[in-house]
Amino acid sequence: MTQEKLLMKALSMDIITAKMFTELDTSITKAFGKHGQELIFKGLEAYGLKDAELLAIKATAEGENHTFYNYLPFEIDGPIQYSELTPFARFSKMFAYIAKEVVDVYGEDGQLAVKEAVRIYGEKRGSGIAQRARTNGLPNSVENYLNNYDMGRSDLFKIDTTYKENAIEQTFWHCPLGQQWADDNMHEYGILYCQSIDPAVAYGYNNNFEVIHDEYVLKEGQCHFIFQMKDPQS
């Protein structure tokens with residue numbers, strides 16, 4: 001029986017943002033309890049509760065289960081601030097405002113809690129990418145990673161990609177996530193995401209898939225990656 005190939009749509013950034021928020025909530029609450037939740041709420045206030053509500057509504061409409069509503073009152077006054085920003089910029093702002101509240105209070109422990117949230121979020125996304133490939137009868141190999149990726153990159157990302165034997169090399173000349181953190185002077189909080197996300201997604205996709213990330217937009221002005229399979233027969 002021939003398996004029909006399915007066209008797998010990229011997840012919207014509203015769903016991806018809701019997934020990230022939920023893992024931040026889980027990790028920060030686990031580390032710091034009720035005070036961690038208070039800091040999360042302060043981060044959402046800094047971001048804008050009306051903007052957070054809009055994210056929650058859009059993600060729910062697309063079927064995503066999230067924890068935004070654990071923090072949002074039923075009635076929220078005030079304008080939506082970021083409707084003119086790209087969804088990538090909104091993701092960056094939401095992440096940075098919450099990370100800032102936690103890291104400014106808890107220092108290195110706060111950094112670890114935020115990075116743990118990114119790790120779990122990334123591994124879950126990577127597992128989903130492997131599932132997308134498997135749905136079309138494809139193994140979770142190097143060559144099937146990017147063409148089954150779950151997040152649409154759009155023209156806002158400027159990327160050079162080179163496929164090598166059992167590896168992919170990428171250089172990001174422009175990343176709207178990193179650019180937003182740079183524009184907002186949120187380097188120290190955004191870098192927590194940048195340092196953790198790609199190794200986590202790769203590991204979730206295939207436990208033998210590893211990432212060398214030796215340049216960062218927030219440090220060197222560009223991101224450079226090598227994704228490689230440690231055991232090509234895995």
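Of all residues in the stretch 129-143, how many are crowded, with 16+ Cβ neighbours inside 10 Å, in a helix (DSSP H, G or I) and touching a residue at least 24 places away in the same chain (Cβ under 8 Å)? Qualifying residue count, the stretch 129-143: 4.
Looking only at the stretch 38-61, which residues are out of contact with any His (no Cβ under 7 Å at 6 or more places or on another chain) and open to solvent by less than 40 Å² (accessible area, probe 1.4 Å)? Once the filter is applied, which keeps residues that are out of contact with any His (no Cβ under 7 Å at 6 or more places or on another chain) and open to solvent by less than 40 Å² (accessible area, probe 1.4 Å), the stretch 38-61 yields Leu39, Ile40, Gly43, Leu44, Tyr47, Gly48, Leu49, Asp51, Ala52, Glu53, Leu55. Just one of the numbered conditions (1) under 16 Å from Gln170 (Cβ atoms); (2) open to solvent by less than 70 Å² (accessible area, probe 1.4 Å); (3) part of a helix (DSSP H, G or I) is not true of Asn147: (2). Would you point out the residue of the stretch 24-37, among those that are open to solvent by 20 Å² or more (accessible area, probe 1.4 Å) and in contact with a helix residue (DSSP H, G or I) (Cβ under 9 Å, 6 or more places away or on another chain), that is farthest from Gly128 (Cα to Cα)? Within the stretch 24-37, the match that is farthest from Gly128 (Cα to Cα) is His35. Filtering the stretch 214-234 to residues that are touching a helix residue (DSSP H, G or I) at 6+ places or on another chain (Cβ under 6 Å) and without any contact (Cβ under 8 Å) to a residue 40 or more places away in the chain leaves only Tyr216.
Take the conditions open to solvent by 20 Å² or more (accessible area, probe 1.4 Å) and among the charged types (D, E, K, R) and apply them to Asp109. Does it pass?
yes
In the stretch 144-168, the residues that are closer than 17 Å to Asn206 by Cα reach residues that are open to solvent by less than 50 Å² (accessible area, probe 1.4 Å) and among the charged types (D, E, K, R) with C-beta atoms within less than 7 angstrom, at least six apart or across chains, in these pairs: Asn148/Arg132; Asp150/Arg125; Asp150/Arg132.
The values are calculated or read from the model by the stated rules, or taken from the named source; none is laboratory data. From a predicted model like this one, the values you see are computed outputs, not experimental measurements. Ideal geometry is used to build each Cβ from the backbone, glycine not excepted, and the neighbour counts take in all protein chains shown. Note: areas computed on protein heavy atoms with side chains; ligands, DNA, RNA excluded. Shrake-Rupley method; radii C 1.70, N 1.55, O 1.52, S 1.80 Å.
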